[in-house]
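The values are calculated or read from the model by the stated rules, or taken from the named source; none is laboratory data. Note that the structure is a prediction, hence the values are computed from the model and not measured. Positions of Cβ are backbone-derived with ideal geometry, glycine not excepted, and every protein chain shown enters the neighbour counts.
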Amino acid sequence: MDRNADAPWSKFDPEAYVDVNYRTPLDVDLLILRAMRDHFSRCFGGTVPQSVQGVDVGAGANMYPALAMLPWCEKIVLLEYAQPNVEYLERQTAEGGLDSIWDAFWKVLRENPAYHDVDPAARVADIVRVERRNLFDLDGQQRYDLGTMFFVADSMSECPEEFRRGVRCFLNTLSPGAPFAAAFMKESVGYQVGDQHFPAYRVNEERARDSLAEFTEELEIHDLHQVVRKGHEGMLLVLGRRNSVVAVP
Ligand SMILES: C[S@@+](CC[C@H](N)C(=O)[O-])C[C@H]1O[C@@H](n2cnc3c(N)ncnc32)[C@H](O)[C@@H]1O
């Protein structure tokens, strides 16, 4: 069984990953983006709160979760382990660095009035920072008030315990009441990026609910039936809020 530490993270090719997943936006990502945008907007009641700190865990080469958090946050941290992805994110968050491929995603976010007055490129450069961290080493300080984790706990190991631990480590970074969004590839048997293979855990709705329910409230799991490549059976979008139950990592 391939564990997280066994996978070739230092050889993750962000450009190859973006080419396959984000250069041409997939309908399913736009569907996810709309649901996440409206969830955050509902949770914050349409008003911009004071000093919200956001986090995207395992941000990889995907800027859309950070874009979805932009209007609500004073600061956003992108946590990522693979060095090539850290460098990709540093380029995206540098002044003038946000790639135009993310325009199509912003267009969808802008359908919601909360996003109207935000200049995404300027705001990303202003408030988004990248940190190289291993998700498993997060210290359980509940320091973020808004969080996302897209295709990470399910797409980093074949091991059921590492999936559950990944979910708990993510939830442990969030303060009680924090809105969050997470996504998983359903029943994935692993995935290819360029010439490298990466492991996955075969998560389904029941397994996702088992790992999340105790530590969350207002939990919604949306089973999206779109298949985007061989070797998985759709996607799960999870929306909710962190509750105050402490999760042992
Ligand atoms: C399938 S990619 C998802 C990337 C991105 N979040 C997205 O939505 O496309 C999985 C990501 O998890 C990251 N990852 C793997 N193991 C990790 C760990 N132990 N700590 C933090 N990130 C990790 C990988 O480097 C990669 O960026």
Return a yes/no flag: does segment 63-85 have any residue that is near the ligand (Cβ under 10 Å from one of its atoms), over 13 Å from the mean Cα position of the chain (by Cα), closer than 23 Å to Y115 by Cβ and not in a loop (DSSP other than H, G, I, E, B). no
Flag if G58 is within 9 Å of the ligand (Cβ to nearest atom), modelled with pLDDT of 95 or more and surrounded by 21 or more Cβ atoms within 10 Å (Cβ to Cβ): yes
Which of the residues spanning segment 173-210 are crowded, with 21+ Cβ neighbours inside 10 Å and of a type in the set (S, T, N, Q)? T173, S188
Answer from P25, P49, P8 - the residue that is at pLDDT below 95 and of a type outside the set (A, V, I, L, M, F, W, C): P49
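Condition first: in contact (Cβ under 8 Å) with a residue 40 or more places away in the chain, assigned to a helix (DSSP H, G or I) and near the ligand (Cβ under 9 Å from one of its atoms). Now tell me which residues in segment 1-16 satisfy that.
Selection gives N4, W9, P14.
So which residues in segment 142-161 are in contact with a Pro (Cβ under 9 Å, 6 or more places away or on another chain) and not hydroxyl-bearing (S, T, Y), if there are any at all?
Narrowing segment 142-161 to residues in contact with a Pro (Cβ under 9 Å, 6 or more places away or on another chain): 142, 145-150, 155-159.
Correct list: Q142, D145, L146, G147, M149, F150, M156, E158, C159.
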Among the numbered conditions (1) part of a helix (DSSP H, G or I); (2) more than 9 Å from the ligand (Cβ to nearest atom); (3) closer than 24 Å to A122 by Cβ, tell me where D19 comes up short. (3)
Of the residues in segment 237-249 that are assigned to a strand (DSSP E or B) and in contact with an Asp or Glu (Cβ under 6 Å, 6 or more places away or on another chain), the one that is surrounded by the fewest Cβ atoms within 10 Å (Cβ to Cβ) is R241
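Just checking, which of Y88, Y115, Y81, Y64 is hydroxyl-bearing (S, T, Y) and closer than 23 Å to G140 by Cβ?
Y81
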In segment 170-229, what residues are of a type in the set (K, R) and more than 25 Å from M69 (Cα to Cα)? R202, R207, R229
Boolean, H225 is of a type outside the set (S, T, N, Q), surrounded by 15 or more Cβ atoms within 10 Å (Cβ to Cβ) and modelled with pLDDT under 95: no
